[in-house]
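Engineer: One structure is given below, represented as structure tokens, and several questions about it will come after.
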Amino acid sequence: MAKRIEVNGLDIYYGNFLAVQGVSMTIQPQSVTALIGPSGCGKSTFLRTLNRMHELVPGARVEGKVVMDDQDLYGADVDPVNVRRQIGMVFQRPNPFPTMSIYDNVVAGVKLNSKRMKKADMDALVERSLRAANLWDEVKDRLSKPGSGLSGGQQQRLCIARAVAVQPEVLLMDEPCSALDPISTMAIEDLMMQLKSEYTIVIVTHNMQQAARVSDTTGFFNLKAVGEPGGLVEVDATDKIFSNPSVQATEDYISGRFG
Ligand SMILES: Nc1ncnc2c1ncn2[C@@H]1O[C@H](COP(=O)(O)OP(=O)(O)OP(=O)(O)O)[C@@H](O)[C@H]1O
């Protein structure tokens with residue numbers, strides 16, 4: 001299921017404002033890629049271009065290429081809704097539909113894709129997705145209760161269950177633990193390590209220990225200067241980035257000298 005994403009010469013605009021310039025990188029399947037860098041350098045903006053969510057902002061657009069396996073995600077005949085089905089996203093704040101039951105939250109995306117399913121198949125999908133998100137045991141006896149009744153960490157795992165229920169190839173996570181306590185954070189990190197055997201995972205994180213713990217590859221984004229666009233400074237094996245980066249700015253950032 002996991003797919004490779006090739007990004008080539010990507011420039012990302014909000015109207016006339018060039019927010020991110022010239023990103024080229026390969027995102028490997030069945031692995032976790034972490035994106036780190038100081039605030040405002042364009043990590044989240046870049047992440048949202050990978051599943052065509054960026055263009056939901058009026059006036060926002062990209063130039064350059066994003067190719068998933070052999071599919072040009074910005075090709076003229078490509079339906080962005082279909083791209084978002086293949087490339088799921090988990091956000092900073094857990095955002096289950098508050099009045100919907102846990103069960104309905106898991107199948108919400110599947111229903112949106114207007115797939116008609118038998119009740120037994122739907123039940124199996126709910127169980128499989130909640131198990132994949134390591135949440136099944138905690139909620140199996142209250143599937144009809146509202147998703148908003150769960151703890152923050154459980155809600156975030158519910159959102160992950162909702163994302164995996166549509167069987168995407170890629171999972172994008174934008175600071176998925178920043179609103180969670182350390183125990184819930186550990187649960188999500190464990191989950192990422194398990195999910196990467198089936199998915200391509202890209203995570204934006206401000207937590208460098210987290211990037212070092214969970215990712216195989218790390219990309220460091222930075223602004224060239226104030227008022228200049230952000231860009232990818234270097235991308236390499238996580239061990240290398242955290243022990244012997246090629247660029248001084250990466251070392252300065254990871255050793256806490258700025259950002
Ligand atoms: N909706 C928007 N409209 C206009 N400009 C935006 C919008 N969202 C972000 N930007 C600008 O794009 C640039 C990159 O922002 P982005 O949020 O991607 O950075 P980031 O590295 O993810 O930051 P943080 O770590 O603080 O979340 C910034 O200059 C920001 O002000």
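No lab work stands behind these numbers, since they all come straight from the coordinates. For clarity, every value in this text was computed on a predicted model and none was experimentally measured. Every residue, glycine among them, receives a Cβ derived from its backbone with ideal geometry; neighbour counts consider all protein chains shown.
Engineer: If each residue's Cβ is checked for other Cβ atoms within 10 Å, how do 221, 91 rank with the fewest at the top?
Structural biologist: Fewest-to-most Cβ neighbours within 10 Å comes out as 91, 221.
Engineer: What is the list of residues in region 190-210 whose amide nitrogen lies under 19 Å from a point 7 angstrom out from the Cα of residue 14, following Cα to Cβ?
Structural biologist: Correct set: 204-206.
Engineer: For the pair residue 142/residue 26, report the inter-label distance in nm, with labels modelled 7 Å from Cα in the Cβ direction.
Structural biologist: Taking the two extended label points, one gets 4.7 nm.
Engineer: How would 48, 61, 85 line up from fewest to most surrounding beta-carbon atoms within 10 angstrom?
Structural biologist: 61, 85, 48
Engineer: Using the Karplus equation 6.51 cos²θ - 1.76 cosθ + 1.60 (θ = phi - 60°), what ³J(HN,Hα) coupling, rounded to whole Hz, does each residue of region 5-16 give in order, writing x for Gly and Pro?
Structural biologist: 10, 10, 10, 9, x, 7, 10, 10, 10, 10, x, 8
Engineer: Right, next: Provide, in order from the shortest bin, the percent of all Cα-Cα pairs of region 85-145 in each 10 Å bin, continuing until the bin that contains the maximum pair distance.
Structural biologist: Computed distribution, short to long bins: 20, 56, 24, 1.
Engineer: Let me ask another. Which order results if 198, 55 are arranged by neighbouring Cβ count within 10 Å, fewest first?
Structural biologist: Lowest to highest Cβ neighbour count: 55, 198.
Engineer: Using only the alpha-carbon atoms, how far is helix 152-165 inclined from the longest principal axis of the chain? Give it as 0 to 90 degrees, nearest 10.
Structural biologist: Value to nearest ten degrees: 90.
Engineer: Hey, what number do you get for the chain at 222 nm if only DSSP H runs of n ≥ 4 count, each worth -39500 (n - 2.57), divided across all residues, to the nearest 500? Working shown, then result.
Structural biologist: Numbers: 10 runs with 91 residues, N = 259.
Value at 222 nm, helices only, nearest 500: -10000 deg cm²/dmol.
Engineer: Would you work out the charge dipole size for region 35-114 about its Cα centre, treating the Cβ of every Lys and Arg as +1 and the Cβ of every Asp and Glu as -1, and quote it to the nearest 20 debye?
Structural biologist: 360 debye
Engineer: So how tilted is helix 102-112 from the main axis of the chain? Cα-based, degrees 0 to 90, rounded to 10.
Structural biologist: 70 degrees
Engineer: Also, I was wondering about something else. Can you give me the long-range amide H partners of residue 89? Hydrogens built in the peptide plane at 1.01 Å from N, cutoff under 5 Å, separation of 5 or more residues or another chain.
Structural biologist: 172
Engineer: Among DSSP beta bridges lying fully in the chain, give the percent that are antiparallel, nearest 5.
Structural biologist: Details: 25 of 43 bridges.
Close to 60 percent.
Engineer: Here's a follow-up. Roughly how big is the chain's charge dipole about its Cα centre, with Cβ charges of +1 (Lys, Arg) and -1 (Asp, Glu), in debye to the nearest 20?
Structural biologist: The calculation lands at about 840 debye.
Engineer: Given Cβ point charges of +1 (Lys, Arg) and -1 (Asp, Glu) and nothing else, what value in debye, to the nearest 20, does the dipole of region 81-210 about its Cα centre take? Write down the numbers at each step before the final one.
Structural biologist: Working: 16 positive and 14 negative charges, 129 e Å.
So the dipole magnitude of region 81-210 works out to roughly 620 debye.
Engineer: In region 106-259, what % of DSSP beta bridges are antiparallel (nearest 5)?
Structural biologist: 60 percent
Engineer: Could I ask something else about it? Please list, ordered by chain and number, the residues whose modelled amide H lies under 5 Å from the amide H of residue 178; skip anything fewer than 5 residues away on the same chain.
Structural biologist: none
Engineer: Right, something else. Taking the chain as the reference, fit the longest principal axis to its C-alpha atoms, fit the long axis of helix 119-132 to the helix C-alpha atoms, and give the angle between the two in degrees, 0 to 90, nearest 10.
Structural biologist: 40 degrees
Engineer: Taking the C-alpha atoms of region 146-259, how large are the radius of gyration and the largest Cα-Cα span, Dmax, in Å?
Structural biologist: Cα-based Rg and Dmax for region 146-259 come out at 15.8, 49 Å.
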